[in-house]
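What follows is a single structure, written as structure tokens, with notes after it.
Coordinate-derived values only; no laboratory data. This is a predicted model, so every value here is computed, not measured. In this analysis, Cβ positions are derived from the backbone assuming ideal geometry, glycine residues included, and neighbour counts consider all displayed protein chains.
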């Protein structure tokens, strides 16, 4: 949230990106809403991915070692 700013005179949103937030990208409110809602999954779509110690492949290897 600290990267977002509302530029009131222009009615646009600003998004700081890059190392240290040096680059700023501005967009109108419709483009901002479109970008935010593109990250919302469709109904019934699973977004959780397991990796590392929680991955099925890793659990299978660990189970095989201790059984």
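The order of 43, 12, going from fewest to most other C-beta atoms within 10 Å of their C-beta, is 43, 12. Once you order the gyration tensor axes a ≥ b ≥ c over the Cα atoms, which shape class does the stretch 1-50 get: rounded for a/c under 1.5, otherwise prolate or oblate by comparing a/b with b/c? Oblate is the answer for the stretch 1-50, as a/c is 1.5 or above yet b/c matches or exceeds a/b.
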